[in-house]
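This report concerns only the one structure given below.
The values are calculated or read from the model by the stated rules, or taken from the named source; none is laboratory data. Computed from a predicted model, the values in this text were never measured in an experiment. Cβ atoms come from the backbone with ideal geometry, glycine included; neighbour counts cover every protein chain shown. Note: areas computed on protein heavy atoms with side chains; ligands, DNA, RNA excluded. Shrake-Rupley method; radii C 1.70, N 1.55, O 1.52, S 1.80 Å.
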Amino acid sequence: MSSLEWLQMPQGFVSPTITAAHGGVGYSLLVFSIIAIDNSLQEERSSILGQWQKTMPITPNENDVLFGRGTAVSDHPGNRRFRALCESRRDAFQNAPNRKTKRALAAAVFDEVANPGGRFLAEAARGGDDGGSSEEEGGATTDLHPRLAEKAWAEVEKDRALAKIKHRLRERADEEEDDEASGERPPPSPAPRLGNAHQLWHR
């Protein structure tokens, strides 16, 4: 068998020819062990890389929905669009017959925010040596308000985003007007932390 044929074999597959040539069952177990270890290392590396990417500070883009208070947050393009999306579904949400339907309506708003590349971001508590760098991917806007640009942002979990959506959908018109005066009110939840990417990668 050529080296190319060996590389093209499915993972976890051991050729009967190779097995017979190298000691039968014992060699098969050795090959399977090597493959299992390699797969495990790849999965761990992917997991660490994913965690590292999530802890990197983010520069908001125009489609992102920001948690927080104040005019800068309220006037952010993504927040204005978010309020319009919720307004279009408020009656359906408040007249929904059960929680399952309400969650589906909230999930639809989440998908509409995410479809053009929007995320739900909260101000992050800095931790570790992140060097003050920001992620420039994801269509970062050049018109970001200075007060927002100087902060570190991190993406929140989907459940927290859905809680924010449902809170907005439950609001009455008078409550929304009061909320606009002081800015967005995020659900009570600890802010995501920016981890030390170097320590996370080499732990």
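A few points about this structure:
- The stretch 92-108: number of residues that are touching a residue at least 12 places away in the same chain (Cβ under 8 Å) and open to solvent by 70 Å² or more (accessible area, probe 1.4 Å): 2
- The residue that is nearest to residue 59 (Cα to Cα), counting only those in the stretch 153-165 that are outside any helix (DSSP H, G or I) and open to solvent by 10 Å² or more (accessible area, probe 1.4 Å), is 155.
- Scan of the stretch 59-75 for residues that are open to solvent by less than 10 Å² (accessible area, probe 1.4 Å), closer than 15 Å to residue 146 by Cα and not hydroxyl-bearing (Ser, Thr, Tyr), ordered by number: 60, 61, 66, 73
- Contact annotation: residue pairs with Cβ atoms under 6 Å, 6 or more positions apart or on different chains, pairing a residue in the stretch 63-91 that is within 16 Å of residue 114 (Cβ to Cβ) with a partner that is outside any helix (DSSP H, G or I) and β-branched (Val, Ile, Thr), are 78/65; 79/65; 82/65.
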